[in-house]
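The values are calculated or read from the model by the stated rules, or taken from the named source; none is laboratory data. Everything numeric here is computed off the predicted structure, so don't read it as measured data. For neighbour counting, all protein chains shown are included, and Cβ atoms are generated from backbone atoms with ideal geometry for every residue, glycine included. For the accessible areas, the whole protein counts, side chains as well, though only heavy atoms, and no ligand, DNA or RNA atoms are used. Shrake-Rupley method; radii C 1.70, N 1.55, O 1.52, S 1.80 Å.
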Amino acid sequence: MRRGAGSRALGPAARLVALALALSLAGCSVSIGIGVGDDAMIDTGTAPTAAASGFDTLVALAGPGVGIVDDPLRVPVGEHPRRALAPGSFDWIEIAAPLRAAATPVSGGRYSSLQTLACDSGSVQLRAVFANSAAFSVGDTIELDTTGCRFGSVRFTGTMAMSVGSASGYPGLSAAWSARITIDYTAWRTETTTLPAQARVVTGRAVLDGQRLDALNAIVEFDSAQLSIDPVVSGVARARQSVELLTLRLVDGPSDDTVGIDFELADGRFAGTDLARLRARSHGVVTLPGPVPAYPLDILLVSAPDDSAVYADAIDATKIRLDLDRFLDGVIDATLSTSWSSLRGLI
């Protein structure tokens, strides 16, 4: 929260006491500097919450879980489709594209398919029109309507509609393929089937550029002007998040994945506060480890409209260092120490 004018009347000693109290409440410790200015939107008190919100949204978009509140330690290794939005959509493309084999000819030389697919439990209805019966092609449209479709410990409901803008190879069958696909999400819900219940409901449009390099490696570029995300955390619905001007590049690897991301976040939980609108971007790339523990590593930069910012450096599966930059000029004004368990408690 931005401090009111009353804080400016405090003397130097009172300010030091107030800062010490704020840090103790945040469970952090100062290692350099004396904090940030009185009017900073992101300061020693708000930095952990800003970092938590940025990391949680990153994981909801890029994996390996629904969000950092959904403990990655509980995500089965190799679970497919993966939970997060971008790679989960990529997996559904590889599931749906090969189903043209059962399509029937329709007018205009195209092929139509209406199928119901079995999941571990529940089902998916697929409606598709294919340009031809042999290849993934420009103009293909695929719509998935899910009814409690569960794979492993993740369940999908809602509608995903895909339209192919460019294509090479054959998703799901070719050793290598690429495609640009516009995806419309309508109340597309991804949720855990294990407790505590976690979920994300996504509505909006995105463009996915996918490249399958080989059986284990792929690149996903994911862009959207705006997505609405409604989270459920520990079974309780939370205020809507609006993710805008999103760009994401996810590189799958045989061991660890990496993600480069940039987005603006309006989180309803922070409406009317200094954290009502944040920008989050990777500082370089963020690593998403394949084996557990699978918390993101490396640096996420979260900034507010006044250019106050925090470099959230996830050092390992336990420790996170928060470097506060009052003017986003590279000069660090304060450094705090926190942990993943502390951040998870904030969201």
* Asked: How big is the Cα convex hull of region 224-347 in projection, averaged over all directions, in nm²?
  -> 8.3
* Once the piece of chain linking ASN132 and GLU244 is laid out straight, how much longer is it, given 0.36 nm per residue of separation minus the C-alpha distance between them? -> 36.8 nm
* Structure fact -> Pseudo-spin-label distance LEU173 to ARG74, built 7 Å along Cα→Cβ, given in nm, is 3.9
* Within the P(r) computed for region 63-167, what percentage of the Cα pairs occupies the region above 17 Å? -> 55
* Any idea how far apart SER153 and PHE327 come out in nm if each label point goes 7 Å out from Cα toward Cβ? -> 4.8
* Structure fact -> Checking rank on 223-234, 105-116, with mean other Cβ inside 10 Å and highest first, the result is 223-234, 105-116
* Label-to-label distance, nm, for residues given as SER163 and THR141 (7 Å Cα→Cβ offset) -> 0.7
* Asked: Where does the Debye-calculated log10 I(q)/I(0) of region 167-247 sit at q = 0.12, 0.19, 0.22, 0.26 Å⁻¹, using only Cα point scatterers of equal weight, no solvent?
  -> -0.48, -0.90, -0.97, -1.07
* Structure fact -> Quick calc of log₁₀ I(q)/I(0), region 70-124, Debye, one scatterer on every Cα, no solvent, q values 0.26, 0.30, 0.31 1/Å, result -1.12, -1.21, -1.23
* Asked: Can you give the calculated 222 nm mean residue ellipticity of the chain, where each DSSP H run of n ≥ 4 adds -39,500 (n - 2.57) and the sum is split over every residue, rounded to the nearest 500 deg cm²/dmol?
  -> -4500 deg cm²/dmol
* **Isotropically averaged projected area of region 122-169, using the convex hull of Cα atoms (one quarter of hull area), nm²** => 4.0
* Any chance you could list P(r) for region 275-347, counting all Cα-Cα pairs in 5 angstrom bins from zero, rounded to whole %? => 3, 16, 23, 27, 18, 8, 3, 1
* To do: Kindly report the accessible area of the chain per residue (heavy atoms of protein chains, probe 1.4 Å, no ligands, DNA or RNA), in Å².
  => 40
* What angle do you read, to the nearest 10 degrees and between 0 and 90, between the alpha-carbon axis of helix 85-96 and the longest principal axis of the chain? -> 10
* Ignoring ligands, DNA and RNA, what percent of the 1.4 Å accessible area of region 119-166 is carbon and sulfur? -> 52
* Structure fact -> On the accessible surface of region 270-347, probed at 1.4 Å with all protein chains in place, carbon and sulfur together account for a percent value of 55
* **Most fluctuating residue given options THR157, THR46, THR194, as computed from a GNM of the chain linking Cα atoms under 10 Å** => THR194
* **Approximate shape of region 109-247 as ellipsoid semi-axes (Cα gyration tensor, √5λ), whole Å, largest first** => 27, 18, 15
* In sequence order, calculated HN-Hα J values of region 199-211 (Karplus, 6.51, -1.76, 1.60; Hz; x Gly/Pro) -> 7, 9, 10, 10, 9, x, 10, 9, 10, 10, 9, x, 9
* Asked: If one puts a single equal scatterer on every Cα of the chain and applies the Debye formula without solvent, what log₁₀ I(q)/I(0) results at q = 0.09 Å⁻¹?
  -> -0.51
* To do: Net charge near GLN226: determine it from the other residues with C-beta under 10 Å of the C-beta of GLN226, scoring Lys and Arg +1 and Asp and Glu -1.
  => -1
